[in-house]
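Notes to accompany the following structure.
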Amino acid sequence: MFKRVELAPLQEISKNNFKFPEHGPRAGQRLVFKRHATGRATQVEVENVAFKRRQVGPEAGAMQLRVKPLRPIPELLREARAAQPPKESGTFRAPDLVELRRLDPTIKLDIRYATTNNLFGTVFYSEARAFMQRPAAEALVRINHKLRQMGYGLLIHDAYRPWYVTKVFWHATPVEKKLFVADPSKGSRHNRGAAVDLTLYDLKARKPVEMVSTYDETTDRAYPDYPGGTSLQRWHRNLLRTAMEAEGFTVYEAEWWHFDYKDWQQYPIMNVPFERVVISTLKPLAAKLLGLTPP
């Protein structure tokens, strides 16, 4: 059995054959890989003991990992819609949500929670749209413009998220995976319109790039510093992170696709469904109704 602390450089004998260093606890031992026709390793054999590849992400050909909810989603939705977000104290900016594609129509959308192709296999949003607070949205437009010069663009999976959806996620997710969802008693940065889930889009190939993990994958592969995957996947992941950090975003510790804008604390938790989102023309009215102090 191997332990995570056993680190040793391997010497390549051939494409699928490697051996351990001559000096060490496994001196002379060899590793033999077996591969699928696609080139993907399916198992490794060490001293006649085979270790088969574990399925940790979505099934082959699928782009979305599913989680079995702790309770039925329709039941949780009814409860969440009837509940109220936590009360906050302090002074906040008036919400100024803008629609990303109105600022830049070249930004791509794949809003998973407006479809059944998501973690819980349920539609949560009435419309496939992406909203963010204006400073964060304008920063994304700048990022998208810079990436286009390298042949890439941004593909948005989620941005502003009503609080009631966060509440459903929390109560539906198993305890061991709650690191990947926000606690509704504190609110989410998505609820404030200052967080975004996104990836890179290859403009020439006209498809999303392949990252180390899939979107919303609740495994270790989702961590932004996970060492696995191919060198190209890690390069794309780092390219996205570098571009986002240059414009004031910070990656979430457990999800390479989730980024928070630098002033997220200055916005209140919001619980407005997509069909009722007020675009910035009614900013003063929104501030009055929400009891907020404009900047």
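The values are calculated or read from the model by the stated rules, or taken from the named source; none is laboratory data. Please read all numbers here as calculations on a predicted model, not as lab measurements. Positions of Cβ are generated from backbone atoms using ideal geometry, with glycine treated the same way; all protein chains shown enter the neighbour counts. Keep in mind that these areas ignore ligands, DNA and RNA; they rest on the heavy atoms of the full protein, side chains included. Shrake-Rupley method; radii C 1.70, N 1.55, O 1.52, S 1.80 Å.
Values of log10 I(q)/I(0) for region 92-212 across q = 0.10, 0.16, 0.17, 0.19 Å⁻¹ run -0.33, -0.82, -0.91, -1.09, by the Debye formula with one identical scatterer at each alpha carbon and no solvent. Rg and Dmax over the alpha-carbon atoms of region 143-235 stand at 15.3, 43 Å. The value of relative contact order for the chain, using C-alpha pairs under 8 Å at least six residues apart, is 19 percent. Ranking PHE249, ILE111, ALA50 by how far each Cα lies toward the positive end of the dipole of the chain (charges on Cβ) leaves ALA50 at the top. Counting only residues at least eight positions apart within a chain, or on another chain, the aspartates and glutamates with an alpha carbon under 15 Å from that of LYS177 are ASP216, GLU217, ASP220, GLU253, GLU255. Computed on protein heavy atoms with a 1.4 Å probe, the accessible areas place TRP170, TRP163 in the order TRP170, TRP163, largest first. Taking a straight line from the alpha carbon of LYS204, these lysines sit under 23 Å away, with near neighbours fewer than eight places off in the same chain left out: LYS108, LYS146. Toward the positive end of the charge dipole of the chain, with +1 on the Cβ of Lys and Arg and -1 on the Cβ of Asp and Glu, the farthest Cα among GLN266, PHE124, VAL181 is that of PHE124. At q = 0.18 Å⁻¹, what base-10 log of I(q)/I(0) does the Debye formula yield for region 82-144 when every alpha carbon is treated as an equal point scatterer in vacuo? With no solvent term, the Cα-only Debye profile gives -0.86. When +1 charges are put on Lys and Arg Cβ atoms and -1 charges on Asp and Glu Cβ atoms, the dipole computed for the chain relative to its Cα centre reaches about 380 debye.
Loop-resident GluC sites (Glu not before Pro) (DSSP state other than H, G, I, E or B) in region 80-179 with no more than 13 further Cβ atoms inside 10 Å of their Cβ: GLU88, GLU127. Percentage of Cα-Cα pair distances in the chain greater than 35 Å, rounded to whole percent? Cα-Cα pairs in the chain separated by more than 35 Å: 28 percent. Centre-to-centre separation between the Cα atoms of region 120-137 and those of region 66-114: 6 Å.
Pull out a ≥ b ≥ c, the square roots of the eigenvalues of the alpha-carbon gyration tensor of region 212-258, then state rounded if a/c is under 1.5, prolate if not and a/b is larger than b/c, and oblate in the remaining case. The shape class here is oblate.
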